[in-house]
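Written below as structure tokens is the structure these notes are about.
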Amino acid sequence: MKAACASQAGGGLECVFDRQALARAVDVFHARGERVALVPTMGGLHAGHLSLIDVARRHAERVIVSIYVNPAQFAAGEDFDRYPRDLEADRARLAAAGADLLFAPDDAAIYPHGLRAALKLAAPPALAGTLCGLSRPGHFDGVLTVVARLFNLVRPAVAVFGEKDYQQLLIVEYLARDLGYPLEIIRAPLIRDHDGLALSSRNVYLEAAERQAALALPQALEAAARALTGRLSERIAECERQGWAALIEAGLEPEYFTVRDAGDLGLPRPDRPWRILAAARAGRTRLIDNLAVP
Ligand code: AMP
């Protein structure tokens with residue numbers, strides 16, 4: 001895989017695997033005065049990921065996409081082993097989408113002392129101890145641990161994250177502020193399939209009936225957003241109850257369906273934006289989705 005990627009470096013999209021090669025490529029961009037945007041991903045690329053490249057392009061002359069399935073953010077028993085991995089297919093998609101460089105680090109490039117011995121970051125409990133953090137303890141610690149390393153290695157002026165992973169986005173914004181990274185975090189809108197399902201690398205796990213059932217997730221969010229338009233606080237509890245019931249009715253196993261403050265994920269307050277967030281399982285596949293309250 002690596003040899004194939006490297007051998008085509010001149011013809012297709014250039015792909016680097018280690019710290020030194022990445023540093024050389026970034027130095028060349030910087031020497032030309034070009035701003036670098038980073039789009040971190042775990043691969044299994046779809047149109048949602050590619051939309052992040054379009055956003056990145058509006059903020060920088062060079063777009064570096066990273067692909068790394070980060071073991072630190074998967075708990076035992078989660079889907080680390082079966083997560084979709086096809087570097088050459090992803091690389092072709094990135095070339096067509098106009099990325100400038102693919103950083104596909106090996107484990108040593110991210111965790112040179114090994115994962116167990118690596119310095120770890122702890123996500124702020126107020127943001128990480130709720131929603132996905134409840135069913136995936138340690139997940140956001142793992143996300144921050146890898147994102148900080150990617151920031152250090154790529155040295156981007158901007159980094160683009162999707163609103164698909166809304167809680168992650170807020171936690172990464174916190175990281176950049178808290179540690180004073182000299183970069184800007186750019187939010188990219190959530191991209192959906194033609195039928196409304198949020199695009200996700202994990203959608204490939206879904207069997208036909210599960211995929212059909214999964215549509216209840218965006219539909220329930222839409223219904224709640226409609227009912228809450230104008231932000232009628234007295235309707236929140238009922239909307240949450242109905243959303244939960246709609247997921248069960250469709251055969252999904254809901255994990256949460258909740259209206260939160262869009263800035264800190266606390267209880268919604270009348271004078272601030274709200275976000276409706278949901279997670280549910282369709283069979284073995286865990287799905288997340290969210291929507292702004294108009
Ligand atoms: P992942 O490969 O799942 O770790 O995602 C990499 C980046 O792509 C994250 O910033 C995600 O929020 C973003 N992303 C994934 N799916 C979508 C989507 N459907 N729409 C917008 N951004 C997405």
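Summary of computed values
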quantity	calculated
For the range 133-183 versus the range 222-280, the gap between their alpha-carbon centres in whole angstrom	25 Å
Radius 12 Å from Cβ of I110, net charge of other residues (Lys, Arg +1; Asp, Glu -1)	-1
Inter-label distance for A245 and D106, nm, one decimal - labels placed 7 Å from Cα along Cα-to-Cβ	5.7 nm
Sparsely packed GluC sites (Glu not before Pro) within the range 189-294, loop by DSSP, other Cβ within 10 Å at most 15	E207
Using a Förster distance of 25 Å, the FRET efficiency for E88-E61 (Cβ separation, nearest 0.05)	0.40
From phi via Karplus (6.51, -1.76, 1.60), per-residue ³J(HN,Hα) for the range 19-30 in Hz, x at Gly/Pro	5, 5, 5, 5, 4, 4, 5, 5, 4, 4, 4, 5
Nonlocal amide H pairs with V63, under 5 Å, H built at 1.01 Å	A37, D100, L101
Nearest-ten-degree value, helix 139-154 long axis tilted from longest Cα axis of the chain	30 degrees
Hz values of 3J(HN,Hα) by residue in the range 236-243 - Karplus curve (6.51, -1.76, 1.60), Gly and Pro given as x	4, 4, 5, 4, 5, 5, 5, x
Note, ³J(HN,Hα) from phi for the range 56-66, Karplus 6.51, -1.76, 1.60, rounded to Hz, x at Gly and Pro	4, 4, 6, 10, 7, 6, 10, 10, 9, 9, 9
Residue among A117, A56, A23 with the largest mean-square fluctuation in a Gaussian network model of the chain, springs linking Cα atoms under 10 Å	A117
Of A126, A262, A109, the one that fluctuates the most in a GNM where the chain has Cα springs shorter than 10 Å	A126
Two-decimal ratio, the range 81-151, of alpha-carbon radius of gyration to 2.2 N^0.38 Å	1.37
Expected 222 nm ellipticity per residue - DSSP helices of 4 or more, -39500 (n - 2.57), all of the chain, to 500	-11500 deg cm²/dmol
Cα pair distances in the chain, grouped into 5 Å bins until the bin that holds the longest one, percent each	1, 5, 11, 15, 18, 17, 13, 9, 6, 3, 1, 0, 0
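Each value in this text was obtained by applying a stated rule to the coordinates, not by laboratory testing. Because the structure is a prediction, the values reported are computed rather than measured. For neighbour counting, all protein chains shown are included, and Cβ atoms are generated from backbone atoms with ideal geometry for every residue, glycine included.
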